[in-house]
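Below: one structure, written as structure tokens.
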Amino acid sequence: MRRAGTARLTRLTIRRPDDWHLHLRDGAALRAVLPFSAARFARAIVMPNLTPAVTTTAQALDYRRRILAALPAHLKFEPLMTLYLTDDTPAAEVDRAKDSGCVFGFKLYPAGATTHSESGVTDIGRIAAVLARMAELDMVLQVHGEVTDPAVDVFDREARFIERTLAPLVERLPALRVVFEHITTRAAVEFVRGARPGVAATVTPQHLLMNRNALFAGGIRPHHYCAPVLKAEGDRAALLEAVARGEPRFFLGTDSAPHARAAKEAACGCAGIFSAHGGIELYAEAFEAAGALDKLEGFAALNGADFYRLPHNSGTITLLREPWDVPGHYPFAAEQLVPLRAGERIAWRLAP
Ligand code: NCD
Ligand code: ZN
């Protein structure tokens, strides 16, 4: 990292980062959001929760081609694919995925946990053979870590998932590498920190910058609603502390999840926050607030690549400490997309 400026850092150059958890959607929506990510990130793990879900290697390769076809000519970007696990995923799919060279993991959505998770796994016992094969072939498991039991308080679902499912799983399969996606709680930070080698976590910008009060600031805020839901201030502080210390098990995954405005501003609005327009800038704000801008590069450009055993990117990006006004909405196919911080400011800007 190179520094300029005196009292306060005003310009920050880091190795080109990657986004280890991203929703790009498909078709016109894909074309609308992809340039935001590709302008910032060299690579991204592209979530497979399309409708229908991306459950086979063949589907992932097709989706990858559609992403590359949607990429503007002046941008370089490598989609890293992951497959959506279902109760019926065959163990042989792990072999096909590995052989493709384009699939870098399998995503576990407990059925019903979040947006487009209907075809997810109903009982982890049903995919025991698939998980065993993943461990053998060193294929990464990405986990949406929430129990779906409706009797469990929504703010406790991540902590219960650790106890009931994740902790036993990582012990049962000691060779399986696991990314606990978009962690939101102190319990998750402590679990990841104390877990055996081969367990890591992604952290979103919203969970570093906001607590659950942001869901109710002056009225109900559908654009602050995501899964897992924002948590208490103590949880946010624990996440920020972990990344600010530069702990290598924690890395960048925006979970940027675009939905049309009408689907968010509804009686039953769906989960997902779009953040790709500030996909690195929002993290710079969080790291600056924690006095840890020198740790941003590791979090954004090194830790994740090391975990996935991929090379670090060549090239750099530069961030300027120049606040900019986020538009109220962006075009999104024939609809509108309301981004995080719509109508407000982001303190850092990506240098052109
Ligand atoms: C994601 C989406 O909209 O696809 N939503 C979200 O709130 N994060 C699904 C997910 O990652 O849980
Ligand atoms: Zn997600």
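The values are calculated or read from the model by the stated rules, or taken from the named source; none is laboratory data. Just so it is clear, the model here is predicted, and its values are computed rather than measured. Glycine also receives a Cβ, built like all others from the backbone with ideal geometry; neighbour counts cover every protein chain displayed.
Scanning the range 160-188 for residues that are in contact with an Asp or Glu (Cβ under 8 Å, 6 or more places away or on another chain), within 16 Å of ligand 1 (Cβ to nearest atom) and either more than 14 Å from Leu141 (Cα to Cα) or in a strand (DSSP E or B) (or both) yields Phe161, Ile183, Thr184, Thr185, Ala188. Note on the range 237-288: among residues that are closer than 19 Å to Val192 by Cα and of a type in the set (Gly, Ala, Ser), the one that is nearest to the chain's Cα centre (by Cα) is Gly253.
The requirement of being under 23 Å from Arg309 (Cα atoms) and either at pLDDT below 95 or part of a helix (DSSP H, G or I) (or both) is not satisfied by Ala128. Candidates are the residues of the range 199-240 that are without any contact (Cβ under 8 Å) to a residue 24 or more places away in the chain and either part of a loop (DSSP other than H, G, I, E, B) or among the hydroxyl-bearing types (Ser, Thr, Tyr) (or both); the one that is nearest to ligand 1 (Cβ to nearest atom) is Arg221. Look at (1) buried (at least 24 other Cβ atoms within 10 Å of the Cβ); (2) within 18 Å of Ile280 (Cβ to Cβ); (3) among the small types (Gly, Ala, Ser); (4) away from ligand 2 (no atom under 16 Å from the Cβ) and you find that Ala42 fails only one, number (1).
Checking each residue in the range 244-265 for being in contact with a Lys or Arg (Cβ under 7 Å, 6 or more places away or on another chain) and on the phi > 0 side of the Ramachandran plot picks out only Gly246. Here the condition is being surrounded by fewer than 17 Cβ atoms within 10 Å (Cβ to Cβ), over 19 Å from the mean Cα position of the chain (by Cα) and farther than 21 Å from Arg40 by Cβ; of Ala195, Ala232, it holds for Ala232 alone. Just to be sure, is Val154 farther than 17 Å from Val94 by Cβ, surrounded by fewer than 19 Cβ atoms within 10 Å (Cβ to Cβ) and touching a residue at least 40 places away in the same chain (Cβ under 8 Å)? Judged against the criteria, Val154 is a match. Residue pairs whose Cβ atoms lie under 7 Å apart, separated by 6 or more positions or on different chains, with the first residue in the range 17-30 and touching a residue at least 60 places away in the same chain (Cβ under 8 Å) and part of a helix (DSSP H, G or I) and the second within 15 Å of ligand 1 (Cβ to nearest atom) and among the aromatic types (Phe, Trp, Tyr), are Ala29/Phe332.
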